[in-house]
Every structure is written in C-alpha cells, then in structure tokens.
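The values are calculated or read from the model by the stated rules, or taken from the named source; none is laboratory data. Source: prediction; values computed, not measured. Quick reminder, even Gly has a Cβ in these numbers, built from the backbone with ideal geometry, and neighbours come from all protein chains shown.
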Amino acid sequence: MRWLFPALALMVSTAAFAGADTLFVGGFQNAALARGGSNFLWYRVDRVPPDAADPVQSCIDARDPYGILANYHRAGVRNTVRTQLRAMRDAGQQRIATGIVHLRAPAGQSVDGRYGGTLIDSTGGTLHPRIRDNLVAFLRDVYRAGFSELLFRYFPQGDNTPVWWTTFDESLFQENWQLIRSIEPILQASGLSYRTDLGVEGMPRAWFVEALGQYYIDDNRPDNPAWSEYARRIWRNYVAEFDYRRSVGFSFVSDSDPVRTRARVRHLRYIYMLADGSVRYPPLFAIDIYGGGTTDERTIFERHHHAMADLGRNEPWIVAESYFNDAVAAAGLSSAMATTGRQVRYFLQWPLDRGIDDCGVNVAPPNAYEAWLRRGF
C-alpha cells in the first residue's frame, strides 16, 4: 500500500481456484495460478496541479472525497461504480480487493459514519447503518459483476494503527477486533469467495541489532512489543471464531532492506502462535511489492522468497499490490517466479503509476490491465 493519510499517523472462501479462470499462458510456465485484478477503493481521482504548493496534501485532497464505501449511497455513485466494475471485468480482471479505511473519529466529527470522503468512523467497533448498507450493496454489485474472488483488507489509520503504538491500547485493540468481527458475517453472506487481510502491511518484525559487522535477529523478540501483541491477539481471536483459511493473516510491506525483510519473516512463528503453543499459519501469504531506486520487483520478491524458504514456509502468495498496469513490474515478478519456483495464487494491482510514486493513488477506476495479462497475471 502506498501511504493513505500520513498526517493521521502523527495524530496518534476457500473455494478452489479452478475452472475457466485458471491460467495456461503460452510461454509463461511460471504464471500465476489464477487471473488477478485490482485494488478498488476509489471511484474517482481529481487531477493534481504539477505546481501544487503541498503535493502530498494535494494528492489526498484529489482522492479523499471519492471513497466507494463512504459514498455508495450518494446519487449517481452506485451506477458509476457498477459501470466501472463491468469495465474492469471486460479488461480481463477476475479478482478484486477492497476494504475499509477507518479510525476512531474525534467526538462529534463524523457524519453518518463517515469522517471525510474515505475515512470510516469505527468508534465502538461497529459500522453506522448507512455504511453497513453501502458495504452490503457494493459487495452485491461485485458479485453480480462476476468477479471470482474478493480480498477484503483492513486499513486502520491514525491512533487505530498499532504501527505507531508505544504501549498497548486495549480500547483501540477491541475496537479494531470488533470491527473485523462485525464485518466477517457480511462477507460470509455476500456469496463471494473471499479472503481477509487483517492488517494491510501489518506484519510486525522481530528485533534485530548489528554486531561485529553482522546482523543478529531475535525471532521471538518483537521490535515493537505493542504492535506484535496486537497482531498475535487479532490472529488468535480470528482463529478462535472464524475459519482461518479465509485469511492471509497480515500482509507484508514491500521493503528494499534485506535485513528488515528477514526480521519480518522470522517473526512469523511468534505472530501466528496460538495460546496453547501450537502454530497456525494462514494457508497463503500476501505481500505488496513495489520496486524503486536500486531495488527492483524481482529482487524484492526473491529476497522475500528465500527468507521464507529458509524457514520451510513454501505456501503460495498473493501479490496484493504493485504498480498500475506496469510492464516493468510484471516482467520482474514473472522472472522472480521462474527463478524461485514460488507459486503466486493471483496478483492485484494498486491504482498508482510508477512515475507518480509520491502520490499514493492517481488512477480511478483501475481499468487497464494488459501489461499484467501479457505476463500471465
């Protein structure tokens, strides 16, 4: 995920993948196992002036009014989104990701469950009835458009994201968990085959230190104890109440630093350990992969693969994000799949052009997909 609301951080189905959509791509023996698609959370993005005084805030302002979940009840929005869903399917996309961007809104500042045009007020861990109706309607339209599977993703913002916690916040933990708990039955009733990402780029990392020119990683010692406790408890609660095979756990952030990558991967056992000492991993993992600078998509993929293979973690992946309709990224990921043999279940693009990496989101709707199709995604 590219950043969503950086200023807020400072506030502080298991159905088989078979049949017609299974890919057999000539010349790409290491193609994804099934056809992918896009992350789809905004139905419109305004143009950002090239000379904007504050480019980051201008990008937020260009996207923020048009969140699908917050606006689906408004005149014309649902018809617009239905048309966009059909266009995405016509472009060859068969899977889709969406989710909820949420936080505990300041008292008295949310309107019908919305805190702005994208942010959803999660106070108390329940959706406002209007937002709940919006979610039900949108999932119904995704189903009717013929998408094969949904990845539903949680994007906690502001104080609700444990990434920024210095001490564990029981109240916000319970709010986030109750939100997940209240939405899961809606997903179950949608008719869609689905999986949940319990925290976008939310996989914590183990503590590490450089000593004598080498890095020492303590697998069972969290780098941020509050964050790791949050993830472990969310996972235990989810496994106790729902089918863990519906989830990818917590997706991994794209990271050009190999040490940080290993520290996250080696922390897996700690996060996915249940109260009785047994370990229950999700059946597949999700990772966001964005190349940039001197580290390309192939290198990031290969480093992550080797870190996981060293621990015997050979489950398939979902590549949950990369650049929009990007031939360079598609070639890099395809090459990495060939060199490592790592299976990718499917791929989902993020609505962001590589050349506008400082903007977070700049494409709506994300119809084009041919660069990924050409590489078997």
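Numbers at a glance
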{"item": "Filter result for VAL319 (among the aliphatic types (A, V, I, L, M), closer than 16 Å to VAL253 by Cβ and either surrounded by fewer than 24 Cβ atoms within 10 Å (Cβ to Cβ) or touching a helix residue (DSSP H, G or I) at 6+ places or on another chain (Cβ under 7 Å) (or both))", "result": "yes"}
{"item": "Residue check, PHE138 touching a Ser or Thr at 6+ places or on another chain (Cβ under 8 Å), assigned to a helix (DSSP H, G or I) and surrounded by 15 or more Cβ atoms within 10 Å (Cβ to Cβ)", "result": "yes"}
{"item": "One residue from VAL77, VAL101 being out of contact with any Asp or Glu (no Cβ under 9 Å at 6 or more places or on another chain), of a type outside the set (Lys, Arg) and crowded, with 21+ Cβ neighbours inside 10 Å", "result": "VAL101"}
{"item": "Single residue of LEU127, LEU135, LEU139, LEU150 found to be in contact with a strand residue (DSSP E or B) (Cβ under 6 Å, 6 or more places away or on another chain) and over 21 Å from VAL253 (Cβ atoms)", "result": "LEU150"}
{"item": "Residue match in the range 193-200 (condition: under 26 Å from GLN84 (Cα atoms) and surrounded by fewer than 19 Cβ atoms within 10 Å (Cβ to Cβ))", "result": "yes"}
{"item": "Selected residue [part of a helix (DSSP H, G or I), under 30 Å from CYS59 (Cα atoms) and β-branched (Val, Ile, Thr)] from VAL319, VAL328, VAL363", "result": "VAL328"}
{"item": "Of all residues making up the range 228-262, the number that are surrounded by fewer than 23 Cβ atoms within 10 Å (Cβ to Cβ) and either part of a strand (DSSP E or B) or among the basic types (Lys, Arg) (or both)", "result": "6"}
{"item": "Residues located in the range 320-377, provided they are among the hydroxyl-bearing types (Ser, Thr, Tyr) and touching a His at 6+ places or on another chain (Cβ under 7 Å)", "result": "THR340"}
{"item": "Residues located in the range 141-164, provided they are assigned to a helix (DSSP H, G or I), within 27 Å of ARG95 (Cα to Cα) and of a type in the set (A, V, I, L, M, F, W, C)", "result": "VAL142, ALA145"}
{"item": "Whichever residue in the range 104-135 is among the acidic types (Asp, Glu) and surrounded by fewer than 21 Cβ atoms within 10 Å (Cβ to Cβ) and, among such residues, is nearest to LEU172 (Cα to Cα)", "result": "ASP112"}
{"item": "Only listed residue being assigned to a helix (DSSP H, G or I) and either farther than 18 Å from GLY37 by Cβ or aromatic (Phe, Trp, Tyr) (or both), chosen from ALA87, ALA75, ALA62, ALA53", "result": "ALA62"}
{"item": "Per-region count, the range 267-298, residues under 30 Å from GLY355 (Cβ atoms), of a type in the set (A, V, I, L, M) and part of a loop (DSSP other than H, G, I, E, B)", "result": "1"}
{"item": "Filter result (of a type in the set (A, V, I, L, M) and modelled with pLDDT of 95 or more) within the range 210-234", "result": "ILE217, ALA226, ALA231, ILE234"}
{"item": "Residues being assigned to a strand (DSSP E or B) and under 29 Å from the mean Cα position of the chain (by Cα) - total across the range 205-214", "result": "4"}
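Yes/no per residue for (1) farther than 30 Å from GLU149 by Cα; (2) out of contact with any helix residue (DSSP H, G or I) (no Cβ under 7 Å at 6 or more places or on another chain); (3) not hydrophobic (A, V, I, L, M, F, W, C):
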| position | (1), (2), (3) |
| --- | --- |
| GLU210 | yes, yes, yes |
| TYR216 | yes, yes, yes |
| ASN224 | yes, yes, yes |
| PHE250 | no, no, no |
| SER256 | no, no, yes |
| TYR270 | no, no, yes |
| LEU274 | no, no, no |
| TYR290 | no, yes, yes |
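Here's the yes/no breakdown for (1) farther than 21 Å from GLY202 by Cβ; (2) charged (D, E, K, R); (3) buried (at least 23 other Cβ atoms within 10 Å of the Cβ); (4) at pLDDT 95 or above:
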site: TYR272; (1), (2), (3), (4): no, no, no, yes
site: TYR281; (1), (2), (3), (4): no, no, no, yes
site: ILE287; (1), (2), (3), (4): no, no, yes, yes
site: ALA309; (1), (2), (3), (4): yes, no, no, yes
site: GLY312; (1), (2), (3), (4): yes, no, no, yes
site: VAL328; (1), (2), (3), (4): yes, no, no, yes
